[in-house]
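Below is one structure, written out as structure tokens, with a few remarks after it.
Computed from the coordinates by the stated procedures, all read-outs in this text should not be read as laboratory data. For clarity, every value in this text was computed on a predicted model and none was experimentally measured. With ideal geometry, Cβ positions are generated from the backbone for all residues, glycine too; neighbour counts draw on all protein chains shown.
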Amino acid sequence: MTSFAIGGLQPWPLALVDPRGVEAIVTHVPTWKWMERASRALTIETGSMAATCKAPRTGTEVKRWGVANSMSFAIQIGARVRQARVEHEDPVEAVCSAAKGRMIFTGKIVDVDRRTTGGFLRGVAKLSGLDEYAGCQVELEFQNEWLVARLDNEVIATVPHLICLLDATSGEAIGTETARYGQRVALIGITAPPLFLSPTGLDYVGPRAMGYDLDPVDPCP
């Protein structure tokens, strides 16, 4: 969805509905950021749970500004994890292989500081290292999604690159809302699509767009 904002495409109309049947249509906004603010405010009022449908796109627009094969990519990763479990392989390694990612830390969660403000789930998760990372610490800062990873105070990964926290045994993804004390985890990084690394892309989803005075750090250099 953000990729269409990078292309400067029209953000409206937007339809929104919540589970109780509250329906809304945003017919016009001056910018994409205003669409985000308007739709988030509506979602907060409906209990922070709503489905939205963004503006329709032509085939040409999707080919130019969409992230091609992203749904197929997600399905392939899930299939590879299931296969790894059946064949008693390491599912985390399976994710890294399928996604061309890199494992950057293994450990367990020792603390999660989480709060909801302005419609965002914000906070920090702290990980204590295991195996080859014994004695090391990672802090994961988040705002709905994992945004910045610091290994012993050194930044090792940032948005727009993907920072993925996985259950070390099952390979299941652990989101910011489900991370909890004691979970044994693997942290992997995946390089973002080139579109998100463009100057306009970084304006929308780079570290500074999230409030961090940092340049992007690719976990898979």
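Listed values, structure above:
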item: Residues located in the range 126-164, provided they are over 14 Å from V205 (Cβ atoms), among the charged types (D, E, K, R) and in a strand (DSSP E or B); result: K126, E139, E141, R150, E154
item: Filtered residues of the range 114-161 (kept if out of contact with any strand residue (DSSP E or B) (no Cβ under 7 Å at 6 or more places or on another chain) and surrounded by 16 or more Cβ atoms within 10 Å (Cβ to Cβ)); result: G119, P160
item: Residue check for S3: surrounded by 15 or more Cβ atoms within 10 Å (Cβ to Cβ) and over 30 Å from A186 (Cβ atoms); result: no
item: Unmet requirement for T106, which otherwise passes all of (1) free of Cβ contacts under 8 Å to residues at least 40 places away in the same chain; (2) surrounded by 12 or more Cβ atoms within 10 Å (Cβ to Cβ); (3) assigned to a strand (DSSP E or B); (4) within 20 Å of the chain's Cα centre (by Cα); result: (1)
item: Test for R114: is it in a strand (DSSP E or B), farther than 29 Å from P194 by Cβ and among the basic types (K, R); result: yes
item: Restricting the range 34-78 to residues that are among the charged types (D, E, K, R) and not in a loop (DSSP other than H, G, I, E, B), the residue that is surrounded by the most Cβ atoms within 10 Å (Cβ to Cβ); result: E36
item: Residue ID - surrounded by the fewest Cβ atoms within 10 Å (Cβ to Cβ), chosen from residues in the range 165-189 that are in a strand (DSSP E or B) and without any contact (Cβ under 8 Å) to a residue 60 or more places away in the chain; result: A173
item: Unique match (being among the β-branched types (V, I, T) and in contact with a helix residue (DSSP H, G or I) (Cβ under 8 Å, 6 or more places away or on another chain)) among V110, V95; result: V95
